[in-house]
Amino acid sequence: MINSGILSGVDLRKSYGSLEVLKGVSLAVDPGEFVCLVGKSGCGKTTLLSLLSGLEKPTQGRVSLDGKEITSSSEDELALFRRENVGFIFQSFNLIPTLSAWENVALPLFPMKIPQEQQRQRAMEMLEKLELGHRTGHLPSALSGGEKQRVAIARALVNRPKIIFADEPTGNLDSATGEAIMSILRRLNDEDGVAILMVTHEADLAKQADRLVRMKDGEIVA
Ligand SMILES: Nc1ncnc2c1ncn2[C@@H]1O[C@H](COP(=O)(O)OP(=O)(O)OP(=O)(O)O)[C@@H](O)[C@H]1O
Ligand SMILES: [Mg+2]
């Protein structure tokens with residue numbers, strides 16, 4: 001059943017040369033579900049996230065994202081689809097250092113045919129929602145780690161995606177700030193029904209998810 005749920009990957013395999021990184025992984029996420037992905041370093045978590053979000057193509061297998069079979073899409077089609085339907089959050093924030101907080105948030109909207117003032121408005125609303133209304137004009141270098149990650153979350157949300165992919169979003173933060181970021185993600189999940197697929201090393205955070213998926217050596221084990 002590839003089209004049920006918001007996200008479904010079936011029998012995903014990925015090899016780099018002779019290295020088989022994913023050995024046939026199937027994973028589905030329901031609308032509004034919060035799933036945490038855990039497992040040892042190098043077991044293939046980031047690779048799986050890249051395949052499921054359409055950043056990379058599997059060597060074999062299929063991915064359906066928000067009702068669209070993305071495995072057969074062209075690169076251009078996929079880039080457009082991702083920009084409009086998917087949010088990403090990374091460990092290293094990935095903000096553009098020369099753009100202000102609101103400009104970073106508005107970035108996914110730049111290529112769209114939305115008037116500039118409206119783009120700014122939407123970015124500002126997102127920042128307000130994340131309690132950063134007082135930091136909209138700051139450059140990333142003037143923000144704390146937790147603030148940077150909140151800007152990154154605002155950017156991930158600005159397209160109003162039904163699913164967000166997060167790869168160790170708390171990995172560069174102290175535990176209190178990491179906990180605060182986790183609360184924000186849980187609130188977005190609870191209140192707005194955004195589905196979340198999050199990789200984390202932290203057991204305390206992982207156990208707060210609706211479901212825990214454990215990987216080992218390129219396979220799902222639990
Ligand atoms: N582009 C690539 N080319 C070659 N090998 C790669 C590439 N990307 C990942 N790998 C290898 O695939 C394996 C899985 O990597 P991946 O980044 O998915 O692990 P991970 O579970 O996210 O680890 P970590 O917890 O350290 O982030 C590793 O052995 C890695 O070296
Ligand atoms: Mg990783």
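Summary of computed values
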read-out	value
Residue satisfying all of: in region 124-173; of a type in the set (Asp, Glu) and in a loop (DSSP other than H, G, I, E, B); surrounded by the most Cβ atoms within 10 Å (Cβ to Cβ) among these	168
First in region 176-190 and assigned to a helix (DSSP H, G or I), second anywhere and surrounded by fewer than 13 Cβ atoms within 10 Å (Cβ to Cβ) and of a type outside the set (Lys, Arg), Cβ under 8 Å, 6 or more apart	177/144; 179/204
Any hit, region 52-70, residues being open to solvent by 20 Å² or more (accessible area, probe 1.4 Å), more than 30 Å from residue 190 (Cβ to Cβ), small (Gly, Ala, Ser) and more than 12 Å from ligand 1 (Cβ to nearest atom)	yes
Residues within region 68-106 that are in contact with a Phe, Trp or Tyr (Cβ under 9 Å, 6 or more places away or on another chain) and hydroxyl-bearing (Ser, Thr, Tyr), tallied	1
Selected residue (criterion: modelled with the highest pLDDT) from residues of region 17-51 that are more than 9 Å from ligand 1 (Cβ to nearest atom) and of a type in the set (S, T, N, Q)	26
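Condition check ((1) under 17 Å from the mean Cα position of the chain (by Cα); (2) within 15 Å of ligand 2 (Cβ to nearest atom); (3) without any contact (Cβ under 8 Å) to a residue 12 or more places away in the chain) across all residues:
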| position | (1), (2), (3) |
| --- | --- |
| 8 | yes, no, no |
| 12 | no, no, no |
| 23 | no, no, no |
| 28 | yes, no, no |
| 34 | yes, no, no |
| 39 | no, yes, no |
| 43 | no, yes, no |
| 48 | yes, yes, no |
| 52 | yes, yes, no |
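The values are calculated or read from the model by the stated rules, or taken from the named source; none is laboratory data. Note that this is a predicted model, so its numbers are computed, not measured. As a convention, Cβ positions derive from the backbone with ideal geometry for all residues, glycine included, and neighbour counts pool all protein chains shown. Each accessible area value is taken on the protein alone, full model and side chains, heavy atoms only, with ligands, DNA and RNA left out. Shrake-Rupley method; radii C 1.70, N 1.55, O 1.52, S 1.80 Å.
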